[in-house]
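FYI, it's all coordinate maths here, none of it is from the lab. Computed from a predicted structure; not experimentally measured. Cβ sites come from the backbone with ideal geometry, for glycine too, and all protein chains shown count toward neighbours.
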């Protein structure tokens, strides 16, 4: 198409040819791309209309009156839209708004440890470290944790250690002990090592020694298990 336009310019008067060429040049330099420095949406994530509207409403209210956010709109969203809204706000570093969404998500559904880890990383990156400790204090008050997601829990502990949150890391360990981790619940080797290294980094050598001993006991149990 461009080549045919250029060939047709030769048959126009000089003034018209120059004007047409200028218009063609203006069209040729248009490029599409992001309007800011935020990263792209994660592959496979598509925000629904409801999620987009919720994000826009929260951000608009946050600019005008941070004490009166329309959090009631979140209760209308299904779980997948809540998670998408939460992750998009984290991507944009709107941590306070993401916390509001996370609170609704946690009150209505079970939440993966991976989502906790994402929130911890974002809060730490933006300087909201006290909010991290408050998050796990609330978790403890609401009944603690379950250790069925070893990979997610390991990632969460790594995020807490990287954020230098000793209090929250210790709290996680204490919640694990309350549900029988190490006695009724088998100690996972990878999770145990992650937690042990983190606690030792914070100077909690006694707790780290307890975990290491549980790991050795578990290892001996596997070695001593009779063959069938």
Item to complete: Fewest Cβ neighbours within 10 Å first, please rank 218, 107, 196 accordingly.
Response: 107, 218, 196
Item to complete: Write down, largest first, the equivalent ellipsoid semi-axes of segment 65-188 in whole Å, where each equals the square root of 5 times an eigenvalue of the alpha-carbon gyration tensor.
Response: 26, 16, 13
Worksheet item: Based on the Cβ-Cβ distance of residue 76 and residue 205, what FRET efficiency does E = 1/(1 + (r/R0)^6) give at R0 = 35 Å, to the nearest 0.05?
Response: 0.10
Practice prompt. Evaluate the distance, in nm, between pseudo-label points positioned 7 Å from the Cα of residue 134 and of residue 109 along their respective Cα→Cβ axes.
Written response: 2.4
Practice prompt. Arrange the peptides 205-212, 58-65 so that the one whose residues have, on average, the most other Cβ atoms within 10 Å appears first.
Written response: 205-212, 58-65
Worksheet item: Of the peptides 132-141, 154-163, how do they stack up when ordered by the mean number of other Cβ atoms within 10 Å, highest first?
Response: 154-163, 132-141
Fill in: Label-point separation in nm, residue 53 to residue 146, each point 7 Å along Cα→Cβ
3.3
